[in-house]
Amino acid sequence: MPAAAAPPDLVVTGARLLGSDADAVAVRGRRIAATGAATAMLASCGPTTRVVRLPPGSLLCPGFHDAHLHLHAMAAARSEVSAAGLDLEGLAALVERAVRGRDRASWLVVAEVADDLIVRPGTRDALDRAAGPAPVLLRAHDHHTCMASAAGLAMLGEDTAPGGLLRETAAFRAMEASRAAAPAERLRDLERVLAGLARAGLTAVHEMSGSAEIGPLVELAAADRLPLDVFATLSPGASAPSVPAGGRLHVAGVKAFLDGALGSRTAALLEPYEDAAHAGMPLLTAAEARDVVRDAAARGLPSFLHAIGDRAVRTALDALEGVTGPDGRALRHRVEHAQTVHPEDVGRFAAAGVVASVQPSHIASDASGALQRLGARSGLAFPLRALADAGAVLAIGTDAPIEAPDPLPGLRCAVRRVGRDGAALHPEQALTAAEALAAVTHGAAYAVGRERDLGAIVPGARACLTALSCDVVRRPGALDDARIVLTVSDGAVYGEAS
């Protein structure tokens, strides 16, 4: 006679399971043991089983992923000051106050400077007057354009930068140089960021900073100090580090930039911007992009190509189509952002098996900008409905710290498509709440090849769960008021609402 199964360690009841009518799940160790009716799950409990009863009407989902963020920048942001909403006078006053008594070798980084303010004539002069001998770096909201003070430019060796402006690769170098925290401090800040993400409902994140960020993550993984799964990326040509087997750190692919951003007008478009006499800034040629993809594939790694403009998206698809691993195995290639897609290219995602890794949370800040910069072509922006209808797999992230790492605003933007200023960005391109949830759970897990154990609530899958306070699938109108009431990550409860 077979031995009776050991009682579960955890039972969660009171919420409908996404995609089923079951209302309870039992967890044993790091795995889901069973799903079904609450009465049956409770009957299986033992004296040490922890029981979590969720509010009536809740929805229990596979663990939420953030399919695109930057942990290194999030950790560094803890020491930055924000200029959000400030005009030039307010920005100058902020800088003047912040540099008083500051070590002249210590960078002041001012974040969230309005995209148009940072390139306005007169901003550089105002910055130099306010900064004096201090190295100051102003960073645009989209992170793709920076302005350095005279002292900062001298430290960077960028004295000839026109107007102190640094774009794309030069901007990224400046941001890295300004992050001068000691290794122990950087590791501590990174741990705090990860703990906050776990409490916010995330059980996995896809780290898009490339090889510069992976060293500290390896250290945390080796010490078993990762509260969630981290799928990290390598820079083109970089060697993969030794990652502890069976842990929560994974090398997922190779990340490369094909263009810039819409806010900085460096996203590479097929036609010029409506409000500028150019079509953006390609960062790799078609041949260079193809070489990056082939080199990664030869090592068995998929490529994650940053492409925001429709020209860059087309280049990315051209580079990714038909490229398999060394054994002929299909790779989960991705286009990161896919923020503007020409109609002729929408169907190519599904046909080539390329994941569309999108960040609808940008709609909150970019809706008006997309209308202004793209004009009549603004229907190409964030074409979520078109991609979904064409069969593309969508994975949703936030691009934090550019947007907040809270998954709920992104879900709302995917469904509502309204900017913070009230501008509506082509509502016909909206997703349903069910589709948006699928893109932060199953779709995001699929994007890293883990849909079976991280993208579903089934026996044997990893016990990674996120619960919403209301069933937004059956009551889509409740999305605006939904909140995360429980996070279970590998069987451990990281967030539980009182």
| query | Out of the stretch 67-116, which residues are of a type outside the set (A, V, I, L, M, F, W, C), surrounded by 19 or more Cβ atoms within 10 Å (Cβ to Cβ) and outside any strand (DSSP E or B)? | reply | His70, His72, Glu80, Asp115
| Tell me, which residue of the stretch 427-440 that is in contact (Cβ under 8 Å) with a residue 12 or more places away in the chain and not hydrophobic (A, V, I, L, M, F, W, C) is most open to solvent (accessible area, probe 1.4 Å)? | Glu428
| remark: When restricted to Thr432, Thr466, the only residue farther than 21 Å from Gly495 by Cα and β-branched (Val, Ile, Thr) is Thr432
| request: May I ask you to say which residue of Gly410, Gly495, Gly477, Gly443 is at pLDDT below 95, at negative phi, open to solvent by less than 50 Å² (accessible area, probe 1.4 Å) and not polar (S, T, N, Q)? | output: Gly495
| Is there a residue in the stretch 405-426 that is touching a His at 6+ places or on another chain (Cβ under 7 Å) and in contact (Cβ under 8 Å) with a residue 40 or more places away in the chain? | yes
| said: I'm checking my understanding of the structure. Among residues of the stretch 201-220 that are small (Gly, Ala, Ser) and buried (at least 22 other Cβ atoms within 10 Å of the Cβ), which one is farthest from Ala73 (Cα to Cα)? | reply: Gly201
| query | Pick from the stretch 313-329 the residues that are in contact (Cβ under 8 Å) with a residue 40 or more places away in the chain and not hydroxyl-bearing (Ser, Thr, Tyr): which of them is least open to solvent (accessible area, probe 1.4 Å)? | reply | Ala316
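Residue-wise test of (1) in a helix (DSSP H, G or I); (2) open to solvent by less than 10 Å² (accessible area, probe 1.4 Å); (3) of a type outside the set (Val, Ile, Thr); (4) under 19 Å from His426 (Cα atoms).
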site: Arg311; (1), (2), (3), (4): yes, no, yes, no
site: Leu331; (1), (2), (3), (4): no, no, yes, no
site: Gly369; (1), (2), (3), (4): yes, no, yes, yes
site: Arg373; (1), (2), (3), (4): yes, no, yes, yes
site: Ala386; (1), (2), (3), (4): yes, no, yes, yes
site: Ala404; (1), (2), (3), (4): no, no, yes, no
| query | Which ones in the stretch 334-354 are in a loop (DSSP other than H, G, I, E, B), touching a residue at least 60 places away in the same chain (Cβ under 8 Å) and either over 18 Å from the mean Cα position of the chain (by Cα) or more than 17 Å from Met281 (Cα to Cα) (or both)? | reply | His342
| Pair list, Cβ < 7 Å and 6+ apart or interchain, from the stretch 41-58 residues that are under 29 Å from Val472 (Cα atoms) and open to solvent by 20 Å² or more (accessible area, probe 1.4 Å) to residues that are among the small types (Gly, Ala, Ser) and in a loop (DSSP other than H, G, I, E, B) | Pro55/Ser469
| query | Out of all the residues in the stretch 120-141, is one or more within 25 Å of Ala276 (Cα to Cα), of a type in the set (A, V, I, L, M, F, W, C) and free of Cβ contacts under 8 Å to residues at least 24 places away in the same chain? | reply | no
| remark: Taking the stretch 117-126 and keeping only residues that are assigned to a helix (DSSP H, G or I) and out of contact with any strand residue (DSSP E or B) (no Cβ under 6 Å at 6 or more places or on another chain), one is left with Leu117, Thr123, Arg124, Asp125, Ala126
| note | Selection from the stretch 158-190 of residues open to solvent by 10 Å² or more (accessible area, probe 1.4 Å), among the charged types (D, E, K, R) and touching a residue at least 24 places away in the same chain (Cβ under 8 Å) yields Arg167, Glu176, Arg179, Arg186, Asp189
| note | Pro227 passes all but one of the listed conditions (1) within 23 Å of Gly491 (Cα to Cα); (2) touching a His at 6+ places or on another chain (Cβ under 8 Å); (3) touching a residue at least 60 places away in the same chain (Cβ under 8 Å); (4) in a loop (DSSP other than H, G, I, E, B); the exception is number (2)
| said: Please count how many residues of the stretch 140-157 are within 30 Å of Leu69 (Cα to Cα), open to solvent by 10 Å² or more (accessible area, probe 1.4 Å) and either among the aliphatic types (A, V, I, L, M) or in contact with a strand residue (DSSP E or B) (Cβ under 7 Å, 6 or more places away or on another chain) (or both). | reply: 4
| said: Give all pairs with beta carbons closer than 8 Å in which a residue from the stretch 236-249 that is farther than 16 Å from Arg299 by Cα and modelled with pLDDT under 90 meets a residue that is of a type outside the set (Lys, Arg) and exposed (fewer than 15 other Cβ atoms within 10 Å of the Cβ); count only pairs at least 6 apart in sequence or on separate chains. | reply: Pro244/Ala222
| Taking the stretch 389-402 only, how many residues are out of contact with any Gly (no Cβ under 7 Å at 6 or more places or on another chain) and either open to solvent by less than 30 Å² (accessible area, probe 1.4 Å) or part of a loop (DSSP other than H, G, I, E, B) (or both)? | 7
| said: Among the residues of the stretch 133-140, are any out of contact with any Phe, Trp or Tyr (no Cβ under 8 Å at 6 or more places or on another chain), assigned to a loop (DSSP other than H, G, I, E, B) and either closer than 20 Å to Ser106 by Cβ or of a type in the set (Ser, Thr, Tyr) (or both)? | reply: yes
| field | Unmet requirement for Ala232, which otherwise passes all of (1) more than 19 Å from Ala296 (Cα to Cα); (2) surrounded by 21 or more Cβ atoms within 10 Å (Cβ to Cβ) | value | (1)
| For the stretch 73-106, which residues satisfy the criterion of being modelled with pLDDT under 90 and in contact with a strand residue (DSSP E or B) (Cβ under 8 Å, 6 or more places away or on another chain)? | Ala76, Ala77, Ser79, Glu80, Arg102
| said: Residue under question is Arg483, and the condition is that it be over 20 Å from Ala26 (Cα atoms) and either open to solvent by 20 Å² or more (accessible area, probe 1.4 Å) or at pLDDT below 95 (or both); does it hold? | reply: yes
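The values are calculated or read from the model by the stated rules, or taken from the named source; none is laboratory data. These figures come from a predicted structure and were not determined experimentally. Glycine also receives a Cβ, built like all others from the backbone with ideal geometry; neighbour counts cover every protein chain displayed. SASA here: full protein model, heavy atoms, side chains in, ligands and nucleic acids out. Shrake-Rupley method; radii C 1.70, N 1.55, O 1.52, S 1.80 Å.
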